[in-house]
């Protein structure tokens with residue numbers, strides 16, 4: 001017996017969501033990006049075939065130009081705006097995949113909205129699928145927990161979950177956000193589905209709550225609190241009437257008690273959140289506002305990081321208010337305002353590529369139009385859910401509203417907009433809202449544009465599949481290059497880099513152009529001219545990347561061009577005044593120009609920041625030269641006395657530099673005092 005189109009639609013939806021969830025590879029630089037984008041592009045074809053078949057057999061009929069399809073047209077507006085912003089991308093092939101993501105989201109909102117009208121109960125279809133997805137994610141999380149436990153046991157370390165528990169998402173916060181986003185649909189399945197699915201939903205929901213406690217995501221906690229407040233407010237009249245009837249309490253007293261509970265609860269939440277961190281969140285915020293941006297003790301905290309990222313985003317918005325800085329350009333442009341503070345920021349070991357606030361992210365890249373349109377999309381979902389609930393008093397709208405609030409809230413603190421699995425999940429919520437909006441629509445006229453639109457999506461999907469597959473292959477080569485680099489196997493790294501095509505993977509997920517890796521491999525294989533050409537290609541894509549600026553300066557310095565070298569070191573230090581590599585290389589360039597004392601002073605600054613492994617070797621050479629200069633200036637000859645010759649030459653001078661560091665003095669002061677003491681004794 002042939003499968004009905006309704007069952008085929010339900011099966012295809014579930015299959016797509018499961019495959020999308022499993023499209024995760026820890027061997028890629030971003031485990032949940034390219035494979036999921038490729039999966040979404042490939043599934044355009046079966047979904048399109050299903051819709052075209054439904055139209056051909058007249059199983060599907062609806063009017064495209066319907067008020068119910070408002071979010072589809074709003075999302076189309078976002079696609080157009082991101083397309084315009086794409087033209088400003090510093091690397092068009094990097095921005096391409098962000099643009100592809102938005103077009104695929106538009107397709108799935110369009111298709112899910114059609115499928116929902118086709119199946120018998122779309123809420124049941126989506127909630128059941130979500131329960132299955134959560135089981136997959138949760139089981140993978142358990143396996144990950146076992147792996148973390150075994151590692152801690154084998155290495156005799158304290159068992160800590162920290163940021164290593166990510167399941168099938170790229171970080172723990174995204175893991176928590178995905179669980180939270182699915183909670184309302186799990187609840188719906190538990191409340192309304194058959195006994196078998198009800199039991200599955202209860203188990204899944206219990207596991208979800210355990211994971212949320214373990215993951216300790218602040219943004220998710222805030223989102224869930226907001227959901228409870230909003231739902232309580234919407235159900236307040238009913239709750240109040242029940243209490244009044246059951247307990248015979250006057251409504252006025254219930255209002256006063258409610259206000260007291262809300263105020264005390266909010267105060268308690270603020271107190272607990274700050275007490276957990278030793279009240280340091282508030283302390284860090286106040287310290288940062290006062291301008292204390294270089295205190296490592298304060299800055300090694302996510303509160304500081306977000307404040308810094310938001311500050312840079314606002315500055316970027318101010319510079320490009322109307323049109324934005326360009327699609328996928330935040331990670332390349334925001335560093336111009338500096339990332340300093342904790343050691344991992346000063347040394348450029350960790351690079352931020354997102355604003356950790358999706359609203360600031362889209363505003364900074366696409367301008368005011370993109371920001372307003374995105375707010376309009378989310379606002380439509382929340383407003384329509386509230387309006388429909390007040391009209392129909394149906395729990396389905398509370399479920400949709402809860403999902404919308406969770407997504408909208410976590411977007412304030414993270415970057416769910418980057419995660420395709422999260423975005424497709426919120427698109428499912430939007431499609432449900434579209435379904436309930438058009439449920440009463442009796443129009444049977446099929447818009448003739450629909451087949452043409454579907455065909456256009458299929459053509460675009462062909463192209464998207466091709467370029468995304470090419471990116472996937474390039475990322476695999478990149479991981480090989482990275483492995484060789486980390487092991488200092490530069491001949492292998494050079495060979496891989498020469499064969500690597502970075503056309504569709506021009507910039508890695510840390511905001512570093514692949515050309516830089518090619519340049520580094522060439523430089524370490526004694527190919528300075530080739531290295532410089534790659535570095536110049538890289539700096540054109542990432543003009544505020546301090547490591548690239550530093551490395552260009554290093555090439556010039558090795559060629560004896562200290563003036564040009566200093567120019568690039570100064571550019572790097574203008575962005576990050578505490579970047580030790582640039583300061584270190586600058587000290588060498590100054591030394592090469594004959595300014596020994598100037599080089600010494602710069603090396604001392606490097607030591608206070610984060611001295612590299614080779615620091616001591618260079619510093620001893622500089623100290624010897626500075627010491628010789630002082631000896632000559634006062635007419636002191638260490639070679640006269642065998643004891644002096646040993647004491648005041650070579651590595652023994654490092655002893656006086658150590659004394660100078662302890663006494664917070666310069667080496668010059670200490671060695672002059674030493675010479676004066678010798679002269680006084682001789683006298």
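The values are calculated or read from the model by the stated rules, or taken from the named source; none is laboratory data. Since the structure is predicted, the reported quantities are computational estimates derived from the model, not experimental observations. Ideal geometry is used to build each Cβ from the backbone, glycine not excepted, and the neighbour counts take in all protein chains shown.
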remark   = Here the residues within the range 80-90 that are touching a helix residue (DSSP H, G or I) at 6+ places or on another chain (Cβ under 7 Å) and either crowded, with 19+ Cβ neighbours inside 10 Å or not assigned by TED's automatic domain parsing to the domain that holds residue 425 (or both) are 81, 82, 85, 86, 89, 90
message = Exactly one of these conditions fails for residue 355: (1) under 15 Å from the mean Cα position of the chain (by Cα); (2) surrounded by fewer than 22 Cβ atoms within 10 Å (Cβ to Cβ); (3) in contact (Cβ under 8 Å) with a residue 60 or more places away in the chain. Give me its number.
response = (2)
Index of the failed condition, residue 96 passing every other in (1) surrounded by fewer than 17 Cβ atoms within 10 Å (Cβ to Cβ); (2) within 23 Å of the chain's Cα centre (by Cα) = (1)
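Results for (1) in contact (Cβ under 8 Å) with a residue 40 or more places away in the chain; (2) touching a strand residue (DSSP E or B) at 6+ places or on another chain (Cβ under 8 Å); (3) assigned to a helix (DSSP H, G or I), shown as yes or no for each residue.
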| site | (1), (2), (3) |
| --- | --- |
| 15 | no, no, yes |
| 18 | yes, no, yes |
| 29 | yes, no, no |
| 38 | yes, no, yes |
| 49 | no, no, yes |
| 60 | yes, no, no |
| 65 | yes, no, no |
| 79 | no, no, yes |
request  = Answer yes if at least one residue in the range 478-498 is in contact with a helix residue (DSSP H, G or I) (Cβ under 9 Å, 6 or more places away or on another chain), under 25 Å from residue 50 (Cα atoms) and surrounded by 18 or more Cβ atoms within 10 Å (Cβ to Cβ), and no otherwise.
outcome  = no
message = For the range 660-675, check the following and say yes or no: at least one residue is outside any helix (DSSP H, G or I), out of contact with any helix residue (DSSP H, G or I) (no Cβ under 7 Å at 6 or more places or on another chain) and under 26 Å from residue 576 (Cβ atoms).
response = yes
request  = Name the helices (runs of 4 or more DSSP H) wholly inside the range 476-553 in which the number of residues that are touching a strand residue (DSSP E or B) at 6+ places or on another chain (Cβ under 8 Å), modelled with pLDDT of 95 or more and closer than 23 Å to residue 347 by Cα is 1 or more.
outcome  = 514-524, 528-541
key: In the range 635-659, the residues that are closer than 17 Å to residue 676 by Cβ and part of a loop (DSSP other than H, G, I, E, B)   = 635, 636, 637, 641, 648
request  = Starting from residues that are over 44 Å from the mean Cα position of the chain (by Cα) and closer than 16 Å to residue 625 by Cβ, keep the ones in the range 655-669 and report whichever is surrounded by the most Cβ atoms within 10 Å (Cβ to Cβ).
outcome  = 667
request  = Using the structure shown, decide if residue 293 is closer than 30 Å to residue 551 by Cα, at pLDDT below 65 and buried (at least 17 other Cβ atoms within 10 Å of the Cβ).
outcome  = yes
task = Consider residue 323 carefully, then state whether it is in contact (Cβ under 8 Å) with a residue 12 or more places away in the chain, surrounded by fewer than 19 Cβ atoms within 10 Å (Cβ to Cβ), within 25 Å of residue 423 (Cα to Cα) and touching a helix residue (DSSP H, G or I) at 6+ places or on another chain (Cβ under 7 Å).
result = yes
message = Among the listed residues 142, 111, identify the single one that is buried (at least 24 other Cβ atoms within 10 Å of the Cβ) and either over 22 Å from residue 223 (Cα atoms) or in contact with a helix residue (DSSP H, G or I) (Cβ under 8 Å, 6 or more places away or on another chain) (or both).
response = 111
